[in-house]
Structure formats: C-alpha cells, structure tokens
1. What is the dipole size for region 33-145, taken about its Cα centre, with +1 at each Lys and Arg Cβ and -1 at each Asp and Glu Cβ, in debye to the nearest 20?
2. Putting +1 on Lys and Arg Cβ atoms and -1 on Asp and Glu Cβ atoms, find which of 29, 96, 77 reaches farthest to the positive end of the dipole of region 27-102.
3. Would you calculate a helix-derived [θ] at 222 nm for the chain, using -39,500 (n - 2.57) for each DSSP H run of n ≥ 4 and dividing by the full residue count, to the nearest 500?
4. When the chain is treated as a GNM, springs tying every alpha-carbon pair under 10 Å, which of 105, 70, 96 comes out with the largest mean-square fluctuation?
Amino acid sequence: MFGLVSSVLAEKGRHVYTVEKTATVAEAVREVNEKGVGALLVMEGRRPEGLFTERDVLRRVVDADKDPALLRVAEVMTRHLIMIAPNFRVEEAMELMTARRFRHLPVVEEGEVVGMLSSGDLMRWVTMDQEEHIRQMSAYINGGS
C-alpha cells in the first residue's frame with residue numbers, strides 16, 4: 001500500500017551516522033546531539049555490531065549512574081541488531097518496529113548498510129502518501145485532473 005523501503009530511502013537519503021564501538025559514550029552522545037538523530041549504527045570496521053540509542057543512554061548510563069566519559073559504546077549499545085532489505089514493504093517495516101518496540105532500523109543490501117530508517121521517517125512517508133491520496137480523491141470528486 002505504501003510502497004517499498006527503497007522508495008523511502010530514495011526520498012530521505014541513504015546517509016547513515018555511525019560510531020565505533022570503542023568510542024566513549026560521551027563522544028557518541030555529542031555525535032547524536034550534533035547530528036540531531038536518535039541513534040548511531042555501531043560499527044567495527046565495515047561491519048554493523050549494534051545500535052547506540054538515546055534509550056541506551058537513559059537505561060544503561062544515566063539510570064545506572066555510570067560516567068559517560070569512562071564508558072565505551074560497546075558496553076551499553078543494543079546488541080540484538082535487526083536489519084531489513086530495501087525491498088521490504090513500508091508496512092512490514094512498521095509492523096516489525098511496532099512488534100519489537102524499537103525506533104530505528106538499519107537497511108542492508110548484499111551485506112552493505114545502505115540506509116537507516118526511523119519510525120519518524122516511516123510515519124512521515126505514510127502521511128505524505130495519504131495526503132497525496134486525499135488530493136487525488138478531491139480532484140476526482142471535484143472533476144479535476
């Protein structure tokens with residue numbers, strides 16, 4: 001109904017912000033804030049190892065009363081990484097995010113990371129699709145093209 005993940009990536013861009021797992025949590029938080037994103041893909045070389053999210057900071061650093069300047073990303077990152085292919089349908093990606101209760105989803109094609117989706121990206125895409133559908137229906141009802 002809403003198309004493929006590849007279409008969302010084509011519209012939003014394929015850039016993925018990353019962090020090495022050896023970086024300190026303080027460094028990663030600065031990167032998250034500087035880039036204005038909610039998550040960084042944790043890499044070891046070219047291989048995704050996990051996800052560093054705002055939720056990780058709140059649960060595993062702040063709530064645990066640990067020092068972000070001394071803690072490494074590898075110690076607090078989300079390790080169970082679920083990735084999808086660009087040919088996933090938008091609805092499937094949304095269902096997966098809802099069922100697993102996460103907000104970021106790396107997109108991988110032939111072993112390479114080609115993008116990252118957030119729940120906000122998908123909601124924006126669905127909203128744009130619905131607005132276009134409403135515009136077309138209004139034009140049809142009003143006799144327009």
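1. Around 220 debye, computed over region 33-145.
2. Checked the options; the winner is 96.
3. -12500 deg cm²/dmol
4. Maximum among the listed residues: 70.
Here, each number is a calculation from the coordinates, and none is a lab measurement. Quick caveat: nothing in here was measured; it's all calculated off a predicted structure. As a convention, Cβ positions derive from the backbone with ideal geometry for all residues, glycine included, and neighbour counts pool all protein chains shown.
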